[in-house]
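This report refers to the structure that appears directly beneath it.
We did not get these values from a lab; they are worked out from the coordinates using the rules stated. Please read these numbers as outputs of a predicted model, since none were measured by experiment. Quick reminder, even Gly has a Cβ in these numbers, built from the backbone with ideal geometry, and neighbours come from all protein chains shown.
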Amino acid sequence: MNYDNKIGTRVVRGLDFSPESVDKARSENKMLVLDMDFTTKCNLRCFYCDRSPDINEKQKEEITLSERKDVIFQANRLGAWAVGILGAGEPMLDPAFWELIEYIDSLNMVPLLYTSGWEIKSIDTVKELFDHNVSIMLKYNTEKEFLADKMVGVKGYGSHVKTVMKWLLAAGFNKSTPTRLAINVVATKNTLDEDEFLNLFIWCRENNIYMHGQSLIPSGKADNIQFTLNKTEAVSLLQKGQQIDQERYGFNYSIVPPIIGGFRCRKVNVGMFINAYGEVWDCNGSGRKLGSFPELTLEEIWNSNKAKKVREPLQEGFCHIRESWWGNIDNGWKM
Ligand SMILES: C[S@@+](CC[C@H](N)C(=O)[O-])C[C@H]1O[C@@H](n2cnc3c(N)ncnc32)[C@H](O)[C@@H]1O
Ligand code: SF4
């Protein structure tokens, strides 16, 4: 399976599904993770945002707070022990953010929060997140403040996010195994500084932080060849990370695009994604819609023929949306 368990322990809590746990869940028809959007509002304007269609949606109605709790409860009953809070906008802007975090925590599920950090205004907020067992996936594309500002389209962001990082480290998010601290780094064609990207990777390895470093999901604003790496470029970057891992840390694995560091996404096999409008998909980047809540229960969607068919092939890192996009526009490196 080409999986190194030393890598598994380095993946952030909430994304750390071992191949063994995935096999077991599959044999028992269990779900392990629910990915979910909170609000669709956002105060930043990232030029590469894959979620812009949901953020700009004007027609659809969002599901209610009690429906959202019901979805989480149902996922828990189906076996899920983690909730990935992905977006579509900035989850911390959701008026029910803390109520939902408390609810997830009360079910002993791990809330894995994807956040820009822009709404974290004090170390007290960081401590509160820590006390609610939250794992953090912080947007941290670069340490160059001018570039970070440019990427999100808002002045002052680059300096702010560095302060947030200091608070997270001070609160001890990186003190456990697996770690509770991750950074999300996108490699885009027009902003990538390869040396910095790889230095961030090393810094994360040295500080027990998981780096979710990747080429863009080609959706929303990123469905654009001017921003999004082709497969040859994406693979070359991952190979450099692989070499660092081998030489410095003795980690051996074969790479599977798009994530650096030997990580293989398995969410399609053991999870589902629900957006703010109740639409359920196999993954937040994919075009494979499985059903709609509350018209159908989560269990009905999970057990539908379409969902079963989509999660049948072992994912092992394979990214359906990127591969389709690369297949259409790029004849470069092939697996
Ligand atoms: C969609 S955002 C939502 C949460 C929050 N607003 C944030 O930006 O962290 C979740 C993560 O996806 C990343 N992201 C946005 N667009 C992307 C794309 N086209 N491909 C890959 N990741 C992307 C963001 O940088 C962020 O780390
Ligand atoms: S990536 Fe996150 S912060 Fe940036 S525009 Fe999209 S939702 Fe907002």
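Miscellaneous remarks
- Helical segments meeting 15 Å axial Cα length and Kyte-Doolittle -1.0 threshold in the chain (DSSP H): 65-77, 157-171, 194-206, 231-244
- Where trypsin sites (Lys or Arg not before Pro) fall in DSSP loop in the range 153-239, at most 13 other Cβ within 10 Å: K155, K175
- Set of lysines near K162 by C-alpha distance (under 21 Å), chain-local residues within fewer than 8 positions excluded: K121, K127, K139, K144, K150, K175
- Taking only Cα atoms of the range 129-169, radius of gyration then Dmax in Å: 11.4, 33
- DSSP-defined beta bridges in the range 179-335 - what % are antiparallel, rounded to 5: 55 percent
- A viscosity of 0.692 mPa s and a temperature of 37 °C, combined with the Kirkwood radius over C-alpha pairs in the Stokes-Einstein formula, give the range 246-335 a diffusion coefficient of 221 µm²/s.
- Percentage of interatomic Cα-Cα distances in the range 160-240 larger than 14 Å: 66 percent
- Disulfide-incompatible cysteines by the Cβ rule (no partner under 4.7 Å) in the chain: C42, C204, C265, C283, C319
- Over all orientations, the range 1-122 has a Cα convex hull whose mean projected area works out to 9.7 square nanometres.
- For the range 137-197, the alpha-carbon coordinates run over 35, 23, 16 Å along the three principal axes, in decreasing order.
- Length gained on full extension, Q239 to L169, computed as 0.36 nm times the residue gap minus the Cα-Cα distance: 22.3 nm.
- Whole-angstrom gap from the range 13-68 to the range 210-255, using each part's C-alpha centre: 22 Å
- Candidates K24, K306, K150, ranked by Gaussian network fluctuation over the chain, Cα under 10 Å, top entry: K24
- Extent along principal axes [Cα atoms of the chain; Å; largest to smallest]: 48, 44, 39
- Links that overshoot a 32 Å alpha carbon limit, given the list K69/K308; K231/K306; K60/K306; K155/K289: K155/K289
- Bridge orientation summary for the chain: considering DSSP beta bridges with both residues in this region, about 20 percent are antiparallel.
- Protection proxy ranking, peptides 37-45, 242-250, average beta carbon neighbours within 10 Å, highest first: 37-45, 242-250
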